[in-house]
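These notes concern the structure reproduced below.
The values are calculated or read from the model by the stated rules, or taken from the named source; none is laboratory data. Everything numeric here is computed off the predicted structure, so don't read it as measured data. All Cβ positions, even for glycine, are placed from backbone atoms using ideal geometry, and neighbour counts span all protein chains on display.
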């Protein structure tokens, strides 16, 4: 039972990380109608920036803040230089173009930082486990991730629901043309939204860096999961992204934890270990396919499209 | 002759020595002569490389059928390469080495999977269609990873190529090359016939305005599904050929980035043109190979090329040749 | 019209000249071509870099000649993927016409590439991968190993765990050819209870929280682990973060090495491992290797590099014995089977399956000033031979 709780926590933590990534993706998709395969590259760059700043400044916290800031700038620059020319093109062309950006960034990172990858070390205090319930020890840092991600979600909610910028974002997500017709500086709005998405993605990259990795191509696998999340949640909906991230995070983690054991009764350990993760990965896609067939707009559709 | 706005109507109106025709003819001629070159120069690798180009071009041709003409952007087309390949690999491992069994199975299973995927996916449109085809491809990718008996993630070595009772020996690289070439040309012809038939016109009509086609009375869903199945089956054949070429099959072949590669080939060459996928496949693979010999960081060049094509070029390489610029 | 002509010419030119299909002048008969396959990109690129450094150092020591012939090395990147590895192997054989193929970190890449190597009768020296099939039924006269067979090292660790009286163990490893071999290996010799066995998705699963939780829940007295490359860093880091370090001791193979040590630092102290080569082995060849490596590259070599250094020595002995006549593959093979060269691990013999019969040592992590080093603590087993040699049909 305690083990189950621990795995649920892991699932929630993964979900929170996914949310940070998916939130930016769904905003960009919802407002600018842009399929951005390079979102994973922004995630990767955030992690690399943080690792570099950590080496330069020697402080974990400084590194995180600086990386966030640089990711925001990088995102806005990318939007002005390349992304904005893709808005008018078909989704197919956007896929092609952002796929090209994905390849480019992987190679650029290899050129600048070398092929080996980097580490982001945690400060000593976070290298411990906390006993949250008697008998359940949980790594302190993972709790930090959950708390911080929730804080970001709350902040995002506040911005989207209670500020003028947020109002423009919501309006743009449900009816883009109207917002433009009403005289809002669409170009600036788009740049800001893209920058925000990039900052969120970069932040996700930074947060996971100490426990997972800072390496080339790290965005690819999680990017697909992020797309699954926004489809399930509903394109353009942050609330949808939040719920869907939790669902996907839990399914993936609990599947990985418990399915091999269940299979173990019928198969050999090797076969169970091979089939188990495969099945749990498949289950996420099956869920998405089911949702697309029965409720294509997702759980919480934002747009009136 | 003025080029009209829609390149697909240009087909009959170009002068005989238009750039596009010339490029296609030269390309076909050069491809036909590759084995001769390989024999004379002793460079066996060129033969292997170009066989791979031909096979992937076949995959691109099948994708072009649904994507270029039918407007169905499938991000899971590499799945059929894998299904075809695994059909050959699994049968070979279980002792069934005859190509006369393996290849029909490869085609049949691919068609079946396409039927299931199509029946569910074609109910959606636009980006949702893209995502759901991606989902189905990922599912089969994970199934392949889960097949412990057939190597899982490590892949499966195929020790003997498909046998055809001694009549055709696939180990003869030149013979295999011309076989692939013949199959490719046949498929291009087949696709052209389909596209120019009544069936094909319905598909193309559905691409530009589905509601109107349905209003006229065509059951577009059924037409699109048939088209989708044909494309899957054709790509399954390409998969069987690929497994024979490399004597190896692994789930990596079905990863979504490989589907991305196929899409790039089709778009690069020119959507909805008969030889576009071949041109695109040749261009993409040679670019890949060529760039990696010139620089240690090939994607620094390839990436921006793709981006520029996406932003500025309508109609891919074919579009450039026909004379269209940004419209 | 002009556009037509230009387009046609450009196409023809691009196709013919583009991928470098123009054959190189065949003038240099007297160079030996080495095809080197390893991983030079992605998270495990450090391993490839280490191997390459060691090979280049060996060539420096041999005056850039092998068996008296000038050397040309062609490096290819398998990107850790079996399908890319087999393609690059085919390119080296069919396009570059190499005389020797050296390398292979990963067992799955090696297994995928075996067929083209054996079919083309290319002399191959495997400097890391130790997949059991190629030590057994897939052994070939043309393929040699300067590393080990996958089971050997974990078997040694199992023996050590017995010596320490460890009563139960929880096993964790990646789900690919080598991972399965490693866990199977420790089960062969370890006499305690196996409290659990977990295989994780490879190479993309880097979050081991679920497996570590299971290990803790199982009540095992110890954890045995195998995670090569960057994954090793992640595993040990998460093991410490989960608070397990003081509670459940860790026994590892190939997880903590000179490549991961600089990143792990204090986290790795006190975690024992087994290896057939450690930096401080006292023979002369090794001392020179390590000293010159540090001088040239400003870091310590790992066992990947050591094994690759030996490959150069092995090939050198072969070519010397046939006086540069590379067509005499049988004679070269016979010479290589004698293992008559100066190895950094000390003298060893080959089994009938061309896998070394060698010692395995216990290594521990200690802090020397500001540096973290691996030290040999004891010899666990001498002249250990893998158990697949019976399955190999060669005499």
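Taking segment C:77-96 as the search range and keeping residues that are more than 10 Å from every other protein chain (Cβ to nearest Cβ) and outside any helix (DSSP H, G or I), which one is surrounded by the most Cβ atoms within 10 Å (Cβ to Cβ)?
Going through the qualifying residues, I end up with C:78.
Being assigned to a strand (DSSP E or B) and more than 18 Å from the chain's Cα centre (by Cα) is the filter here; which residues of segment C:318-362 pass it?
Of everything in segment C:318-362, those that are assigned to a strand (DSSP E or B) and more than 18 Å from the chain's Cα centre (by Cα) turn out to be C:349, C:362.
How many residues does segment B:148-200 hold that are within 14 Å of chain A (Cβ to nearest Cβ) and buried (at least 20 other Cβ atoms within 10 Å of the Cβ)?
7
Of everything in segment B:57-99, what is touching a strand residue (DSSP E or B) at 6+ places or on another chain (Cβ under 8 Å) and crowded, with 24+ Cβ neighbours inside 10 Å? Give them in sequence order.
B:82, B:85, B:86, B:88, B:89 - these are the residues of segment B:57-99 that are touching a strand residue (DSSP E or B) at 6+ places or on another chain (Cβ under 8 Å) and crowded, with 24+ Cβ neighbours inside 10 Å.
Taking segment B:100-120 as the search range and keeping residues that are touching a residue at least 40 places away in the same chain (Cβ under 8 Å) and within 14 Å of another protein chain (Cβ to nearest Cβ), which one is surrounded by the most Cβ atoms within 10 Å (Cβ to Cβ)?
Result: B:117.
Test residue A:279 against the criterion of being facing another protein chain (nearest Cβ under 7 Å), surrounded by fewer than 21 Cβ atoms within 10 Å (Cβ to Cβ) and touching a residue at least 12 places away in the same chain (Cβ under 8 Å), and give yes or no.
It is true that residue A:279 is facing another protein chain (nearest Cβ under 7 Å), surrounded by fewer than 21 Cβ atoms within 10 Å (Cβ to Cβ) and touching a residue at least 12 places away in the same chain (Cβ under 8 Å).
Please state which one of C:50, C:99, C:63 is more than 14 Å from chain B (Cβ to nearest Cβ), more than 23 Å from residue C:344 (Cα to Cα) and modelled with pLDDT of 90 or more.
From the options C:50, C:99, C:63, the qualifying one is C:99.
State which residue is nearest to residue C:153 (Cα to Cα) when the search covers only segment C:253-265 and only residues that are in contact with a helix residue (DSSP H, G or I) (Cβ under 9 Å, 6 or more places away or on another chain) and touching a residue at least 60 places away in the same chain (Cβ under 8 Å).
C:253
Name every residue in segment C:152-204 that is in a strand (DSSP E or B) and either away from chain A (no Cβ under 14 Å) or closer than 23 Å to residue C:382 by Cα (or both), in order of residue number.
C:168, C:169, C:193
Against the condition touching a residue at least 24 places away in the same chain (Cβ under 8 Å) and either touching a strand residue (DSSP E or B) at 6+ places or on another chain (Cβ under 8 Å) or surrounded by 15 or more Cβ atoms within 10 Å (Cβ to Cβ) (or both), how does residue A:152 come out, does it pass?
When the stated conditions are applied, residue A:152 passes them.
Identify the single condition in (1) under 20 Å from the mean Cα position of the chain (by Cα); (2) part of a helix (DSSP H, G or I); (3) surrounded by fewer than 24 Cβ atoms within 10 Å (Cβ to Cβ) that residue A:263 does not satisfy, given that it satisfies every other one.
Result: residue A:263 passes all but (1).
Tell me, which helices (runs of 4 or more DSSP H) wholly within segment A:101-217 include 3 or more residues that are closer than 27 Å to residue A:245 by Cβ and at pLDDT 80 or above?
The qualifying helices (runs of 4 or more DSSP H) are A:140-162, A:164-174, A:186-208.
Output yes when any residue across segment C:264-282 is under 30 Å from residue A:131 (Cα atoms), out of contact with any strand residue (DSSP E or B) (no Cβ under 9 Å at 6 or more places or on another chain) and either away from chain A (no Cβ under 14 Å) or crowded, with 24+ Cβ neighbours inside 10 Å (or both), and no when none is.
No, there is no match, as no residue in segment C:264-282 is under 30 Å from residue A:131 (Cα atoms), out of contact with any strand residue (DSSP E or B) (no Cβ under 9 Å at 6 or more places or on another chain) and either away from chain A (no Cβ under 14 Å) or crowded, with 24+ Cβ neighbours inside 10 Å (or both).
Of everything in segment A:77-97, what is part of a helix (DSSP H, G or I), in contact (Cβ under 8 Å) with a residue 12 or more places away in the chain and buried (at least 20 other Cβ atoms within 10 Å of the Cβ)? Give them in sequence order.
A:78, A:79, A:83, A:86, A:94, A:95, A:97
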